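Single-structure report; data block below.
The values are calculated or read from the model by the stated rules, or taken from the named source; none is laboratory data. The shown structure was predicted, so the numbers you read here are calculated from the model rather than taken from an experiment. All Cβ positions, glycine included, derive from the backbone under ideal geometry; neighbour counts span all protein chains shown.
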Amino acid sequence: MRILVIGINYWPDETGIAPFNTGRCEFLASRGHEVTVCTAPPYYPQWRVPREYRGHFVGREYRNGVTILRSWLYVPRRVTFAKRMIHETSFIMTSLLNALRTNRPDIIVVISAPLGLGLSATILSKIRRTPFVFHVEDIQPDAAADLGMMRSEALARSLYALERFIYRRAELVTTLTEGMRSRIIAKGTPEHKVALSRHWSESRLFEVPIGSATSDFRRRNKLENKFVVIHAGNMGVKQGLEVVLGAANLTRSDGDITYLFVGDGAAAPALLKQAATLSLPNVRFAGVHYGADFRDILSAGDVCLVTQRRGVADILFPSKVLTLLAAGRPIVASISPDTEVARVLEESAAALLVEPESPQLLAGAIVSLRQNPLRLCQMAALGREYALSRWSRQEALTAMEQQLLAVAARHNSNLTRKTERKGITNERLGNRFERSNRL
């Protein structure tokens, strides 16, 4: 089967949805499918394009059986709502032009966000007479509205109208969790058209030692006798990471607790400035790390954090949840209790949940776990066991392939029926023409 995938993030980006987009494409290629991905140059989470990718409107690469078509996009230095709209629009336009240069696919897969890529898929689907699957990683209009980022009512109506239009045109809509699926169905999408297509846990995360005593990162950074609290991943608006600095401020007198930020993102400069303003001696920023270095940093953590702003409900499911549970990290989660993330973490028995945006409650949970090392060990083991039982890479990707094969088969069957009906109609017209000639 010839598959065209359109998504803004891909290898060599190693955080966010890029590893999952890469994993999907490379798995499909390994199964014998002809896979082309239209994507952007790497830029995330630093929001900077590496020098070797600059100055090119389009580019072509081949990796692990996948043809990678790069499309230029605008990458702002400072991310605002308006600049992000321009950023996404630039990719939607250039990736559409790039996709039009490809051979006709049997199926198109679009990864959202950006939401507007669904419009590109609709155009391509019409021109190429090919079905498309719309995969939702982030329910973008709801996220912007819930976080107060979209103040224009006209813009909000337009985005929700675009969302409904795309869901109607897609052959299948897939998403990550039952909570996100329910939201999409509640918007008027038929239930049978919305399916789950889950993320998975990287196998090497299960090799991270449970406990923090063996970490080289601890020794190199003189953290041997510290209780290390880690936030790893994107530093954006949705995470509401000011709550972590607030907790650090409340526990600054306890010299044994150290807060470590690992990663980058749009909110990182503001967090660095706030930490400096508060003169927090117990806060460190480690930047972005990948592979073995990242796993070693995770192993240094006594506790890891999952934080979300109060307005963030079932509009996304952070992949760090899978990462931390697979790595055997006890979690303190500052999140709304009525979300899929909260349900999963409660079910795993590997996390303490507190109300979001409360530094006092976050600090209290961290201090309580520091005083209970036996509970930390139990949480770590239960979290890893939970991840092993639920997030198999092979199962997730095989199920995704079966969904695509079913969509393509259904489309071909519909085309055959239409062709047959057209043939019958033409035959009847021909018979009428013959009878009229004889008369």
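With respect to PHE206, is the statement that it is among the aromatic types (Phe, Trp, Tyr), surrounded by 19 or more Cβ atoms within 10 Å (Cβ to Cβ), part of a helix (DSSP H, G or I) and at pLDDT below 95 true?
No, not satisfied.
Taking into account only those residues within region 7-38 that are of a type in the set (S, T, N, Q) and assigned to a helix (DSSP H, G or I), which is surrounded by the fewest Cβ atoms within 10 Å (Cβ to Cβ)?
Among those residues, the one meeting the criterion is SER30.
In region 358-405, which residues are surrounded by fewer than 19 Cβ atoms within 10 Å (Cβ to Cβ) and of a type in the set (D, E, K, R)?
Across region 358-405, the qualifying residues are ARG370, ARG375, GLU385, ARG390, ARG393, GLU395, GLU401.
Could you grab me the full set of residues in region 307-332 that are closer than 17 Å to VAL228 by Cβ, in a strand (DSSP E or B) and modelled with pLDDT under 95?
THR307
Consider THR189 carefully, then state whether it is in a loop (DSSP other than H, G, I, E, B), over 15 Å from the mean Cα position of the chain (by Cα) and within 23 Å of ALA406 (Cβ to Cβ). Give the steps one after another, and end with the answer.
Values: in a loop (DSSP other than H, G, I, E, B): yes; over 15 Å from the mean Cα position of the chain (by Cα): yes; within 23 Å of ALA406 (Cβ to Cβ): yes.
For THR189, the condition - in a loop (DSSP other than H, G, I, E, B), over 15 Å from the mean Cα position of the chain (by Cα) and within 23 Å of ALA406 (Cβ to Cβ) - is met.
For region 39-66: of the residues being part of a strand (DSSP E or B) and among the aliphatic types (A, V, I, L, M), which is surrounded by the most Cβ atoms within 10 Å (Cβ to Cβ)?
VAL66
Looking at ARG218, ARG183 in this structure, which one is in contact (Cβ under 8 Å) with a residue 24 or more places away in the chain and under 20 Å from LEU115 (Cβ atoms)?
Just a single option satisfies the conditions, and that option is ARG183.
This table checks each residue for (1) under 19 Å from ILE331 (Cβ atoms); (2) outside the structural domain of ILE335 (by TED's automatic domain parsing); (3) in contact with a helix residue (DSSP H, G or I) (Cβ under 8 Å, 6 or more places away or on another chain).
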| position | (1), (2), (3) |
| --- | --- |
| ASN221 | no, no, no |
| ASN234 | yes, no, no |
| ARG284 | no, no, no |
| SER299 | yes, no, yes |
| VAL303 | yes, no, yes |
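Determine if region 320-342 includes at least one residue that is surrounded by 23 or more Cβ atoms within 10 Å (Cβ to Cβ), farther than 20 Å from ILE210 by Cβ and more than 19 Å from the chain's Cα centre (by Cα).
Yes.
Could you please find all residues in region 237-255 being touching a residue at least 40 places away in the same chain (Cβ under 8 Å), farther than 14 Å from SER334 by Cβ and outside any helix (DSSP H, G or I)?
Those that are touching a residue at least 40 places away in the same chain (Cβ under 8 Å), farther than 14 Å from SER334 by Cβ and outside any helix (DSSP H, G or I): VAL237, THR251, ASP254.
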